[in-house]
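What follows is one structure encoded as structure tokens, with my remarks underneath.
Every read-out reported here was derived from the displayed coordinates using simple, explicitly stated rules and does not represent laboratory data. All figures in this text were calculated on a predicted structure; none of them were measured in a lab. Using ideal geometry, Cβ is built from the backbone for each residue, glycine included, and neighbour counts are taken over all protein chains shown.
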Amino acid sequence: MERDNLVLEKSKKFAVRVIKFYKYLCEEKKEYILAKQILRSGTSIGANAREASKAQSKKEFIAKMNTSLKESEETCYWLEILVEAEIIDTKEFESLYSDANELVAILTSIIKSSNSNQ
């Protein structure tokens, strides 16, 4: 599978997990502010990657992938805040954080490769 398709698939699955996590944070933990932040950034990763896949230029593709990377990093940040504030436990944190970091790695690789091919 090509990396671009891989990131689309993984980011979509991640978005679905984030939506379920958002519901859990709101319903079980009564945490609404941080839940909204992670919902926004976690679902934005795939939306931007999807837009990049239809980019009209290499420059636009790289810009959208960079936005997707930034959203992945932001999602990692919110997860770190949630675990350090003891709103979620380490087990809840590790699974989502691992997936977010995997997206960071894939996106970084795509961007580096795209920049070197310009």
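Using a ≥ b ≥ c from the Cα gyration tensor of the stretch 27-88 (square roots of the eigenvalues), is it rounded, prolate or oblate, where a/c under 1.5 gives rounded and otherwise the larger of a/b and b/c decides, a/b for prolate? Since a/c reaches 1.5 and a/b is larger than b/c, the shape of the stretch 27-88 is classed as prolate. Restricting the stretch 21-118 to chymotrypsin sites (Phe, Trp or Tyr not before Pro) that sit in a DSSP loop and have at most 12 other Cβ atoms within 10 Å of their own Cβ leaves Tyr32. Along the chain, counting only trypsin sites (Lys or Arg not before Pro) with a DSSP assignment other than H, G, I, E or B and at most 12 other Cβ atoms inside a 10 Å radius, the longest segment between sites is 55-118. Near the amide H of Ile88, within less than 5 Å, lie the amide hydrogens of Val83, all on another chain or at least 5 residues away, with H placed in the peptide plane. Pairs of Cα atoms in the chain fall into 5 Å distance bins, from 0 up to the last occupied one, in shares of 2, 13, 24, 23, 15, 11, 7, 4, 1, 0 percent. Shown here for the stretch 1-87: GluC sites (Glu not before Pro) in loop regions (DSSP other than H, G, I, E, B) with at most 13 other Cβ atoms within 10 Å, namely Glu2, Glu28, Glu86.
Spin-label model, Thr108/Val16: points 7 Å from Cα along the beta carbon direction are separated by 2.8 nm. Here the stretch 80-118 and the stretch 5-79 have alpha carbon centers that stand 10 Å from each other.
Summing charges over all other residues whose Cβ lies under 15 Å from the Cβ of Gly42, with Lys and Arg as +1 and Asp and Glu as -1, gives +2. Pairs with C-alpha atoms separated by more than 22 Å, drawn from the list Lys20/Lys54; Lys10/Lys64; Lys58/Lys112; Lys36/Lys59, are Lys20/Lys54; Lys36/Lys59.
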